[in-house]
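Visitor: Okay, here's the structure, questions in a sec.
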Amino acid sequence: MAIERRTVLLVGGAGYVGSVITGHLLRKGWHVRCLDQLIYRNESCVWPYLSYPNYEFMHGDIRDPRFTSQALKNVDDVVVLAGLVGDPITSKYPDESHAINRNGVGSFIDSIQHHPVGRLIFVSTCSNYGLVEEDKAVDENYPLAPLSLYAKHKVEMEHNILGLKGKVGFHPTILRFATAFGLSSRMRFDLTVNEFARELHLGRELLVFDPKTWRPYCHVRDFARAVEEVLRAPAGKVAFEVFNVGCEENNFTKLMVVEEILRHIPRSKVTYQERGADPRNYRVNFDKIRRVLNFKPEISVQQGISEILAALSQGLFDHVEERRHFFGNYEIFLPTAHISDLKRAV
Ligand SMILES: NC(=O)c1ccc[n+]([C@@H]2O[C@H](COP(=O)([O-])OP(=O)(O)OC[C@H]3O[C@@H](n4cnc5c(N)ncnc54)[C@H](O)[C@@H]3O)[C@@H](O)[C@H]2O)c1
């Protein structure tokens, strides 16, 4: 079957990254089905796609077999993005994180085995590397040291998936994404580059913790390209493989991110403080994805900052405070009736 005629199920496809992947794959001719519980009341993210004949939306929970078995019907490939994303939201909702990010995703992956799925992409995170003391960029073989509940569940899921080798008919790939930045129809202003750009655009004083800590960054549109590359690659190159997704040029300290924004908004007030609540510090090596898939991100942090500041200047995000729950992972909305239904169903 021509690759673009395949049907891809994006679980969590209405989120910040998923919305951009959806648009990218639809424009390339893929048939996209999205299963999402819209826990940030983020239904507006799917509106732009409803007019595409090759798009289907299903409102449902990854934990509910009634939805997942329906969503997996006649699907060729699956990309798992769903869950509570980030350290703050998972520490705020530990029970829900456990139920969704661990049990829900785990059972969903088990259920894929009963469907004739070709590829599975599990979207993981470079946060799994935790705190890297050495002065080196770490590759996929570096020991994982997850610090948060969020990263611990990601590591557990990675381990379970890699343990399926020789036992399942589908071909899984783990993608460890760098921290995302850039514009999306579900814009998140709780991510470093986007957040710093908005705060300084608004003329607010910015307090930056641990300015010398490193983090890799990658634009959301480059993540969409990476997913496409993995779906297109021969199974032998990607099955049961782990790839860091990003590029070394986009390894930045928080100070470097601030300095780049200050080039646009020089009169900003920024203060720095050591020993914040988040000890993560890691530079990441992205040679493997470049070597095996010839994939390299196209958009620099500098370009991403210009893009965000331009959108902010055009007034496209003047009403963030009125819909704060939508513009960041601060608070979740799970239907309570649905939760008790689920408990009965399990
Ligand atoms: N954003 C980043 O910087 C980043 C970095 C590394 C990895 N990732 C990974 O990329 C993926 C997407 O991240 P994002 O930034 O788009 O997050 P997001 O919070 O914007 O999107 C998550 C989506 O999952 C949906 N969801 C949550 N619980 C669900 C459930 N029980 N059933 C069905 N849908 C559910 C939400 O409604 C939301 O649309 C995640 O797996 C995340 O771990 C993101």
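The values are calculated or read from the model by the stated rules, or taken from the named source; none is laboratory data. Keep in mind the model is a prediction, meaning the values are calculated, not measured. Positions of Cβ are generated from backbone atoms using ideal geometry, with glycine treated the same way; all protein chains shown enter the neighbour counts. Just so you know, the surface numbers come from the protein's heavy atoms only, side chains and all, with ligands and any DNA or RNA stripped out. Shrake-Rupley method; radii C 1.70, N 1.55, O 1.52, S 1.80 Å.
Visitor: Within the accessible area of the range 38-175, what % is carbon and sulfur when the probe is 1.4 Å and the other protein chains stay in place?
Guide: Working: 3290 of 6170 Å².
The C+S portion of the solvent-accessible surface of the range 38-175 is 53 percent.
Visitor: Another question, if that's okay. Kindly provide the Kirkwood hydrodynamic radius of the chain in Å, to one decimal, from all pairs of distinct alpha carbon atoms.
Guide: Numbers: mean 1/r = 0.0487 Å⁻¹.
Every distinct Cα pair counted, the radius reaches 20.5 Å.
Visitor: Heavy atoms only, probe 1.4 angstrom, no DNA, RNA or ligands counted: give me 264, 325 ranked by accessible area, highest first. Mind dumping the intermediate values first?
Guide: Working: 264 80, 325 45 Å².
Descending accessible area places them as 264, 325.
Visitor: Expressed as a whole number of Å, what is the distance separating the alpha-carbon centroids of the range 222-278 and the range 112-171?
Guide: The range 112-171 and the range 222-278 have Cα centres spaced 18 Å from each other.
Visitor: Another question, if that's okay. Take the Cβ-Cβ distance between residue 135 and residue 300 as r, set R0 to 25 Å, and report the resulting FRET efficiency rounded to the nearest 0.05. Intermediate values should be presented prior to the final figure.
Guide: Numbers: r = 23 Å, r/R0 = 0.91.
Computed FRET efficiency for residue 135 and residue 300: 0.65.
Visitor: Students often forget the sequence filter, so: which lysines lie under 23 Å Cα-Cα from residue 92 once same-chain residues fewer than 8 apart are removed?
Guide: 152, 154, 343
Visitor: Next up: Report the Stokes-Einstein translational diffusion coefficient (µm² s⁻¹, integer) for the range 8-61, Rh taken as the Kirkwood radius over Cα pairs, at 10 °C with viscosity 1.306 mPa s.
Guide: Working: Rh = 10.7 Å.
Translational diffusion coefficient: 149 µm²/s.
Visitor: Just to confirm, what accessible area per residue do you get for the range 3-345 at 1.4 Å probe, in whole Å²?
Guide: Details: 14840 Å² over 343 residues.
Dividing the accessible area of the range 3-345 by its residue count gives 43 Å².
Visitor: Leaving ligands and nucleic acids out of the surface, order 32, 17 by accessible area at 1.4 Å, largest first. Before the final figure, lay out the partial values.
Guide: Numbers: 32 0, 17 25 Å².
Most to least solvent-accessible, the answer reads 17, 32.
Visitor: Can you give the calculated 222 nm mean residue ellipticity of the chain, where each DSSP H run of n ≥ 4 adds -39,500 (n - 2.57) and the sum is split over every residue, rounded to the nearest 500 deg cm²/dmol?
Guide: Numbers: 13 runs with 119 residues, N = 346.
That comes out to -10000 deg cm²/dmol.
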